[in-house]
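Peer 1: Next up is a structure, given as structure tokens.
The values are calculated or read from the model by the stated rules, or taken from the named source; none is laboratory data. Remember, it's a predicted structure, so these values are computed and weren't measured experimentally. Heads up, the Cβs are rebuilt from the backbone with ideal geometry, glycines too, and the neighbour counts pull from every protein chain shown. Side chains included, ligands, DNA and RNA excluded: accessible areas come from the protein's heavy atoms. Shrake-Rupley method; radii C 1.70, N 1.55, O 1.52, S 1.80 Å.
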Amino acid sequence: MHEDLFLLQNASFRFPEDAKNTLNGVSFSVRQGEKLVISGPSGSGKSTLLYLLNRLYPANCDGIVGGEIRLFGKQADEYMPGEINHRVATVFQDPDSQFCMPTVEEELAFTLENLHIPRIAMEGRIAEVLELTGLSALRHSIIQSLSSGMKQRVATACALAMKPEVLLLDEPLSHLDPFTAQQFIIWLDGLQKKAGLTVIAVEHRLDLWDAFFDRELSMGRSGRITADELFQPKNPVLFPERVSAVESSTALAVDQVSVEIKNKKLLSSLSFEAKRGEVLVIAGPNGSGKSTLLKALCGIYKRSSGTIQSSGIGYVPQSPEFLFLAQTVEKELAFSGTSSPSEVAELLDRLALVQLKDAHPFSVSHGQKRRVAIGAMLADNHPVLLMDEPTSGQDSAALQELFALIHERVQEGLTFLIVTHDMEFAAAVADSVLLIKDGKMTGKFSASEVWGDEQLLASHQLLPPKGADRYAGSFA
Amino acid sequence: MQDLLHEMNPSIKFVLVTGSMLTLAFFFDPWTPAIFWLAIVLMQLFLSRVNWKLWCLMMLPFTLGSFGYLWTTLVFGADDTSEILWTFAGISVTEEQWKHALSLSFRVMALSTLSLLFALTTDPVKFVMSLMQQLKLPPKLAYSVMVSYQFLPVLKDEFIQIQQAQRLRGVLVEKHWWQRLLNLRRLLLPMLAGAVRKAERAAFAMEARGFTGAARTEFFRPVTVTRTDLFMAILFSSVLVGSCAAGIVLSN
């Protein structure tokens, strides 16, 4: 017999500081063994909905709940703090801030101690969950030394250690690269079948999940459910086709560049060129030296040999706010004093930042922060822009915005070097691809030839972009 | 033998060290801190596996400070009527002044050595766990310390990244430390913004795993009080009482 685990009827939710409800008239029920995904754009309240199911809300934000929420047949507000978490476990999105203990074993023990499991039983539970998740070898590893993908597996293992009936996933892939994400999903699928869990996930990149889910709940901007239907495998985000803006003059010439830090050779003699208006994607496995290359090009790292010729190289880190120094967007662009006030005004106009010019750079959205960072680099007279992982953790709207931003800038003769793991994005935006492995350059390839070469991509831990034929074709 | 200080229960060690420090504060003769200091160095020498290179490096500023205390007390100490021991370059040093100066500098040495003994032989994780188990520190506090400890390397990385990024924007590395200190706020703003986000995420993750801040009834690795601790407590107390007694006898 199937029972409703969760039952929501006309549920609404409002943060005390907001005038409008974040969730409105939400009604649905979840049965045992279901694999449900909640999708929707950022700000549609999907994470809020998830937090109502594990009781993090309303207690943590003094939110105002309306309607009826029944968890395991009992009114949600009748649960004691922490009581529901034995039955509903959660994995969050950021692999770096989910842990409080140094080793995997201690982290698992922390979870079990919270549940007041007798000490004699803990050893067995820890061994059992490590066996189930295939992490036995990592038992004594230091969590902070593991890769992001492994951290997410450890977080899942901690959740499963509680022997929950329901597993909630809050955008668990957003900090993983596609290759690692795919491995994680395969692993999770096996786990779900073994443990017979009910899974409820919040996710905006559904294309990575293939056919994992069996039901999809779509949320709209107003915090309402817009559709509740069978899950269909999704296509990746589609970007408009773009015409290359590559010009004939060279913007960046790199010759025999090597980087050695503390007697460790991080990069060995890389040579390549980039033209004006070119978008060059740099790809390769984690730790292969992609970020090192960017930092060497813009001068953060000293190169031990080789030459770099360019009219000015700017750098946009993964968190653009790392660059910010001034109190307003306008002053941020004018900080170095390289550009005249009229040039700054023109830049603000070109980057659609005029309305934000008096805003504090920290208070604008992530996409706007990146525009400010690019603006600052252009104001400092750096027509070659290096971007480190700009796609990580972005939803499809943000990726479209980034795509448009890059596409417009190259028309003005800028050159982009982009480090990214997102091959769909890379395929849409790149004119050429630089593959790096173990600090050595495999080569600079034109985009059309690289996407079809599955073997070459696999040897760099990359997946061919979905719909590769389309991209290969459009360049031919 | 050399593991004794490392294996000791961290809470007991903490109580003994704090107790010794407070007791020393009531002795103003030069002998008590001097003898106590020597005894602590000997204890570290025989009962621990301290990295002595690191030890010397850490002691360097304290030694300089202690020397500073010595000569400032000699030069600027209040005049008194006791016998003048010697005069040099117009400065005469009386017996009282000499005693005060020695007492002060030995105290600096004793306290810093004692702190180092604790710091270099105690595993921070075990210390927090033990505080929770033996001294009933509320889990809410204990685990917030643990989380911050986990975040330290991440914050250090971020600090370096922000510094590198801002240098690209044309922020010069200032020559003087006070200028660098003033510019620190530029680095701190992005870091704080990130830290607030991280702290909330960590809190959610812990709560979602059933952490309520309530006292725990079970520990996976109980930190125990053993016979070693009794032995070490007796040793510490006798060293303390011994040096106090010797100090009183010798200064009369």
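Peer 1: With unit charges on the beta carbon (Lys/Arg positive, Asp/Glu negative), name the residue among A:ALA376, A:SER271, A:ALA326 whose Cα is farthest towards the positive pole of the charge dipole of chain A.
Peer 2: Going by the charge dipole, the pick is A:SER271.
Peer 1: Check cross-link reach from A:LYS46 to the lysines: straight Cα distance under 18 Å, and skip same-chain residues fewer than eight apart.
Peer 2: A:LYS20, A:LYS35
Peer 1: Let me ask something additional. With a 1.4 Å probe and all protein chains in place, put B:TRP31, B:TRP98 in order of accessible area, largest first. Spell out each step's value before the answer.
Peer 2: Details: B:TRP31 120, B:TRP98 85 Å².
Solvent-accessible surface, decreasing: B:TRP31, B:TRP98.
Peer 1: Is there a pair in A:LYS437/A:LYS466; A:LYS302/A:LYS440; A:LYS369/A:LYS437; A:LYS151/B:LYS198 whose C-alpha atoms are over 19 Å apart, and which pairs would that be? It would help to have the intermediate numbers written out before the result.
Peer 2: On the way: A:LYS437/A:LYS466 23 Å; A:LYS302/A:LYS440 17 Å; A:LYS369/A:LYS437 31 Å; A:LYS151/B:LYS198 16 Å.
Long pairs (Cα-Cα over 19 Å): A:LYS437/A:LYS466; A:LYS369/A:LYS437.
Peer 1: Quick one: which residues, 5 or more positions from A:LYS437 or on another chain, have an amide H under 5 Å from its amide H? H modelled 1.01 Å from N in the peptide plane, none for Pro or chain starts.
Peer 2: Correct list: A:THR442.
Peer 1: Compute the length gained on full extension between B:SER251 and B:PHE159: take 0.36 nm times their separation in residues and subtract their Cα-Cα distance, giving the result in nm to one decimal.
Peer 2: On the way: separation 92, 0.36 × 92 = 33.12 nm, distance 5.21 nm.
Full-extension gain reported as 27.9 nm.
Peer 1: What does the structure give for B:168-181 when I average, per residue, the other chain Cβ atoms found within 10 Å of the residue Cβ? Don't skip to the end; give the middle numbers.
Peer 2: Working: counts 14, 14, 6, 3, 0, 0, 0, 0, 0, 0, 0, 0, 0, 0.
Taking all residues of B:168-181 together, the mean is 3.
Peer 1: Still on this structure, please answer the following. Is the C-alpha gyration tensor of the range B:139-208 telling us rounded, prolate or oblate? Criteria: a/c under 1.5 is rounded; beyond that, a/b larger than b/c is prolate, otherwise oblate.
Peer 2: Working: a/c = 3.26, a/b = 2.40, b/c = 1.36.
It comes out prolate by the Cα gyration axes.
Peer 1: While we're here: What is the sum of charges around A:GLY337, taking Lys and Arg as +1, Asp and Glu as -1, for the other residues whose C-beta is under 15 Å from the C-beta of A:GLY337? Intermediate results must be reported in sequence, preceding the final value.
Peer 2: Numbers: positive: A:LYS331, B:ARG169; negative: A:GLU330, A:GLU332, A:GLU343, A:ASP380.
Once positives and negatives cancel, what remains is -2.
Peer 1: What is the distance, in nm, between label points placed 7 Å from the Cα along the Cα-to-Cβ direction at A:HIS86 and at A:ASP210?
Peer 2: Label at A:HIS86, label at A:ASP210, 3.7 nm between them.
Peer 1: Then there's this: Between B:LYS140 and A:ILE308, what FRET efficiency comes out of the Förster formula 1/(1 + (r/R0)^6) with R0 = 51 Å and r the beta carbon distance, rounded to 0.05? Working shown, then result.
Peer 2: Values: r = 52 Å, r/R0 = 1.02.
Calculated transfer efficiency: 0.45.
Peer 1: Roughly how many debye, to the nearest 20, is the charge dipole of the range B:139-208 about its Cα centre, given +1 on each Lys and Arg Cβ, -1 on each Asp and Glu Cβ, and no other charges? Walk me through the numbers before you get to the answer.
Peer 2: Details: 11 positive and 5 negative charges, 57 e Å.
For the range B:139-208, the charge dipole is close to 280 debye.
Peer 1: Taking square-rooted eigenvalues a ≥ b ≥ c of the alpha carbon gyration tensor, is chain B rounded, prolate or oblate, where a/c under 1.5 means rounded and, failing that, a/b exceeding b/c means prolate? Mind showing how you got there, number by number?
Peer 2: Values: a/c = 2.79, a/b = 1.33, b/c = 2.10.
Since a/c reaches 1.5 but b/c is at least a/b, the shape of chain B is classed as oblate.
Peer 1: Let me ask something else. About the Cα centre of the range A:1-155, what is the dipole size in debye to 20, counting +1 per Lys and Arg Cβ and -1 per Asp and Glu Cβ, all else neutral?
Peer 2: Numbers: 14 positive and 19 negative charges, 71 e Å.
Dipole size: approximately 340 debye.
Peer 1: Further question: Taking the alpha-carbon distance from A:LYS262 and a cut-off under 16 Å, which aspartates and glutamates remain once sequence neighbours fewer than 8 residues away in the same chain are dropped?
Peer 2: The reachable aspartates and glutamates, counting only those whose Cα sits under 16 Å from A:LYS262, number zero.
Peer 1: Which whole number gives the average, over all residues in A:450-460, of C-beta atoms from other chains lying within 10 Å of the residue C-beta?
Peer 2: Details: counts 0, 0, 0, 0, 0, 0, 0, 0, 0, 0, 0.
Partner-chain Cβ atoms within 10 Å, mean over residues of A:450-460: 0.
Peer 1: Setting aside same-chain residues fewer than 8 positions from A:LYS357, which aspartates and glutamates have a Cα under 15 Å from its Cα?
Peer 2: In chain and number order, the partners are A:GLU330, A:GLU332, A:GLU343, A:GLU346, A:ASP349.
Peer 1: What is the average number of partner chain Cβ atoms found within 10 Å of a Cβ in A:110-121? Intermediate results must be reported in sequence, preceding the final value.
Peer 2: Numbers: counts 8, 6, 4, 9, 12, 5, 5, 3, 2, 6, 1, 1.
Across the residues of A:110-121, the mean count of other-chain Cβ atoms within 10 Å is 5.
Peer 1: When the Karplus curve 6.51 cos²θ - 1.76 cosθ + 1.60 is applied with θ = phi - 60°, which whole-Hz ³J(HN,Hα) does each residue of the range A:408-421 get, with x for Gly and Pro?
Peer 2: Once θ is set to phi - 60°, the couplings for the range A:408-421 become 5, 5, 5, 4, 7, x, 7, 10, 10, 10, 10, 8, 8, 9 Hz.
Peer 1: Quote the FRET efficiency, to the nearest 0.05, computed for B:MET58 versus B:LYS126 with a Förster distance R0 of 22 Å and r equal to the Cβ-Cβ distance.
Peer 2: Working: r = 21 Å, r/R0 = 0.94.
So, using R0 = 22 Å, E works out to roughly 0.60.
Peer 1: Take every DSSP beta bridge whose two residues both sit in chain A, then give the antiparallel share in percent to the nearest 5.
Peer 2: Around 55 percent of the beta bridges assigned by DSSP in chain A are antiparallel ones.
Peer 1: Between A:ARG350 and A:GLN75, what is the label-to-label distance in nm when each label sits 7 Å out along the Cα-to-Cβ direction?
Peer 2: Label-label distance for A:ARG350 and A:GLN75, simple model: 6.2 nm.
Peer 1: Another one. Computed FRET efficiency, Cβ-Cβ of A:VAL65 and A:GLU128, R0 51 Å: what is it to the nearest 0.05? Before the final figure, lay out each step's value.
Peer 2: Working: r = 36 Å, r/R0 = 0.71.
Computed FRET efficiency for A:VAL65 and A:GLU128 comes out at 0.90.
Peer 1: Using 7 Å Cα-to-Cβ label points, what is the A:SER342/A:SER269 separation (nm, one decimal)?
Peer 2: About 5.0 nm separates the two model spin labels.
Peer 1: How would the protein assembly as shown be classified by its alpha-carbon gyration tensor: rounded, prolate or oblate, with rounded meaning a/c under 1.5 and the a/b versus b/c comparison settling the rest? Intermediate results must be reported in sequence, preceding the final value.
Peer 2: Values: a/c = 2.20, a/b = 1.39, b/c = 1.58.
Oblate, since a/c reaches 1.5 and b/c is not below a/b.
Peer 1: Can I ask one more? Have a look at B:THR94, B:THR121, B:THR113 and tell me which one the Gaussian network model of chain B (Cα, springs below 10 Å) gives the largest fluctuation.
Peer 2: Looking only at B:THR94, B:THR121, B:THR113, the largest GNM fluctuation is found for B:THR94.
Peer 1: From the protein chains alone at 1.4 Å, what is the descending order of accessible area for A:GLU408, A:GLU203, largest first?
Peer 2: Numbers: A:GLU408 95, A:GLU203 0 Å².
Listed by decreasing accessible area, they come as A:GLU408, A:GLU203.
Peer 1: Then there's this: Per DSSP H run of n ≥ 4, the term is -39500 (n - 2.57); total these for chain A, divide by its residue number, and report the mean residue ellipticity at 222 nm rounded to 500 deg cm²/dmol. Please report the intermediate quantities before stating the final value.
Peer 2: Working: 14 runs with 144 residues, N = 476.
Mean residue ellipticity, 222 nm, calculated: -9000 deg cm²/dmol.
Peer 1: What is the dipole size for the protein assembly as shown, taken about its Cα centre, with +1 at each Lys and Arg Cβ and -1 at each Asp and Glu Cβ, in debye to the nearest 20? Each step should come with its number before you reach the end.
Peer 2: Values: 66 positive and 75 negative charges, 186 e Å.
It comes to approximately 900 debye.
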